[in-house]
Amino acid sequence: MPVGTSIAHEYRLDNEFFANIDGPEVQRGKVDVALTVKRTATVFELNFDLNGIIYIPCDRCLDDMDFNIDTNELLYIKLGHEYREESDNMIIIPEDEGEINIAWFLYEFIALSIPIKHTHPYGKCNKEMSERLQKMSARSIDDDDEDDMFFDNDDATTNEEQPTDPRWDALKKLKR
């Protein structure tokens with residue numbers, strides 16, 4: 001490939017890709033990848049544009065939820081004597097091999113775009129699981145109903161209806 005030229009490739013990552021990569025964060029999805037490879041005098045510049053949808057478990061109800069992927073990533077490849085990662089986005093590959101498998105990089109780009117907390121929008125969680133979670137949750141007497149906005153339970157009691165435990169009241173005085 002002559003210096004200064006670019007080559008474009010397109011890929012579709014599907015459920016088979018995610019099953020074969022066997023990564024812990026993502027098991028299913030459909031992600032389109034547009035890859036542009038540009039050669040400069042010293043490096044190959046790989047520009048990845050990933051768009052699609054993955055299915056990940058909701059942190060609250062554990063049902064699968066749709067998560068949109070829309071990210072751009074850049075990876076630089078240099079030729080050298082042995083394989084080495086110089087930084088997060090600079091890889092040296094052996095000159096005699098002259099090729100690299102980008103599958104794991106694609107998976108990492110997708111996995112790193114997932115936020116730490118991923119939950120369904122309000123009212124979309126599995127109602128049965130939400131009710132069980134609410135029944136099993138330990139709650140402080142002075143909790144406001146902030147958590148109730150995540151549970152679709154109309155039968156939730158308010159703080160005024162719940163009796164207070166005098167032992168907790170004594171401990172709360174120490175906190176002040």
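The values are calculated or read from the model by the stated rules, or taken from the named source; none is laboratory data. All of these numbers come straight from a predicted model, not from anything done at the bench. Glycine gets a Cβ as well: all are built from the backbone with ideal geometry, and neighbour counts include every protein chain shown.
Of all the numbered requirements in (1) surrounded by 15 or more Cβ atoms within 10 Å (Cβ to Cβ); (2) outside any strand (DSSP E or B), residue 16 misses one, and that requirement is (1). Applying the criterion of being part of a helix (DSSP H, G or I) and either closer than 15 Å to residue 57 by Cβ or touching an Asp or Glu at 6+ places or on another chain (Cβ under 8 Å) (or both) to the residues of the stretch 119-130, the residue that is modelled with the lowest pLDDT is 130.
Residue pairs whose Cβ atoms lie under 7 Å apart, sitting 6 or more positions apart in sequence or on different chains, and linking a residue in the stretch 2-30 that is under 13 Å from residue 56 (Cα atoms) to a partner that is part of a strand (DSSP E or B) and among the small types (Gly, Ala, Ser), are 18/29; 29/52; 30/52.
When the stretch 12-70 is examined, which residues are found to be within 12 Å of the chain's Cα centre (by Cα) and either in the same structural domain as residue 134 (by TED's automatic domain parsing) or of a type in the set (Ser, Thr, Tyr) (or both)? Of everything in the stretch 12-70, just one residue is within 12 Å of the chain's Cα centre (by Cα) and either in the same structural domain as residue 134 (by TED's automatic domain parsing) or of a type in the set (Ser, Thr, Tyr) (or both), namely 55. Only a single criterion out of (1) under 30 Å from residue 133 (Cβ atoms); (2) surrounded by 14 or more Cβ atoms within 10 Å (Cβ to Cβ); (3) in contact with a strand residue (DSSP E or B) (Cβ under 8 Å, 6 or more places away or on another chain) is not satisfied by residue 66, namely (2).
For residues in the stretch 96-115 being small (Gly, Ala, Ser) and exposed (fewer than 15 other Cβ atoms within 10 Å of the Cβ), which is modelled with the lowest pLDDT?
Taking the stretch 96-115 and keeping what is small (Gly, Ala, Ser), we get 98, 103, 111, 113.
With exposed (fewer than 15 other Cβ atoms within 10 Å of the Cβ) added as a condition, the list becomes 98, 103.
Values: 98: 78, 103: 94.
Per the stated criteria, the residue is 98.
Among residues of the stretch 47-83 being closer than 24 Å to residue 7 by Cα and of a type in the set (D, E, K, R), the one that is modelled with the lowest pLDDT is 78.
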